[in-house]
1. What number goes with the only condition from (1) part of a loop (DSSP other than H, G, I, E, B); (2) modelled with pLDDT of 90 or more that LYS77 does not pass?
2. Specify the residue that is surrounded by the most Cβ atoms within 10 Å (Cβ to Cβ); the eligible residues are those in the range 39-66 that are under 14 Å from the mean Cα position of the chain (by Cα) and assigned to a loop (DSSP other than H, G, I, E, B).
3. Would you point out the residue of the range 89-136, among those that are without any contact (Cβ under 8 Å) to a residue 24 or more places away in the chain and closer than 15 Å to SER53 by Cβ, that is least open to solvent (accessible area, probe 1.4 Å)?
4. With the structure loaded, tell me whether ARG47 is closer than 24 Å to ASP135 by Cβ and not aliphatic (A, V, I, L, M) or whether it fails that test.
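The values are calculated or read from the model by the stated rules, or taken from the named source; none is laboratory data. Predicted model, so just to flag it, every value in this text is computed and none were measured. All Cβ positions, even for glycine, are placed from backbone atoms using ideal geometry, and neighbour counts span all protein chains on display. For accessibility, only protein heavy atoms count, side chains too; no ligands or nucleic acids. Shrake-Rupley method; radii C 1.70, N 1.55, O 1.52, S 1.80 Å.
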Amino acid sequence: MDKQFKTNYKNYKSTNKIKFINVTFDKLFKWIKNKNKAKDLIEEEIRKKHIPSIEHHHFSDIQEIGKGNFAVVYRAKYKKSEQYFALKSFFNATIKEIVDEITIHRKVNLYDNIIRFHGITINQGKYLLVLEYADG
C-alpha cells in the first residue's frame, strides 16, 4: 500500500474508532432530517480524517462480484499495492442510508472476523465504501 493510505488507515484505526462513532451519532440525530446536512457530515468526517478517503483512480481491474436489492459490490485492485478491496456502491441510496451503513461498519470494525471498513471513494459523485476483500 502507498504511504498515505497506510498512514490514513493507521490513524483511523488507532485514534478515531470511538471518536467517530460518538461524533457521528450525536450529529446524525441532529442533521439526518436534512439530507444535505448528512452529506455535509460525511464530507466533514473525511476532512477531519475520521473517514479515510481513497481517490478512485487508485483502483484498477474493477469487476462486479455481487448484486443485491440495495447495492452492487465490485472487486478492485489498489494500484500501488496490488491488494484487492471490495467497493460497495449503493442503488438510489439516500445519504442517510449511506451514513447508517458507515456507522454500522465503524461499530463492528472493533471486532475480529468482521469485514473491515477501510474508507470511502467517490466515483462520478457517488460514494462507494472501501471494504476488505475476502476471497472465497
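1. (1)
2. Looking at residues that are under 14 Å from the mean Cα position of the chain (by Cα) and assigned to a loop (DSSP other than H, G, I, E, B), I get ILE51.
3. Of everything passing the filter in the range 89-136, PHE117 is least open to solvent (accessible area, probe 1.4 Å).
4. On the way: closer than 24 Å to ASP135 by Cβ: no; not aliphatic (A, V, I, L, M): yes.
So ARG47 fails the test.
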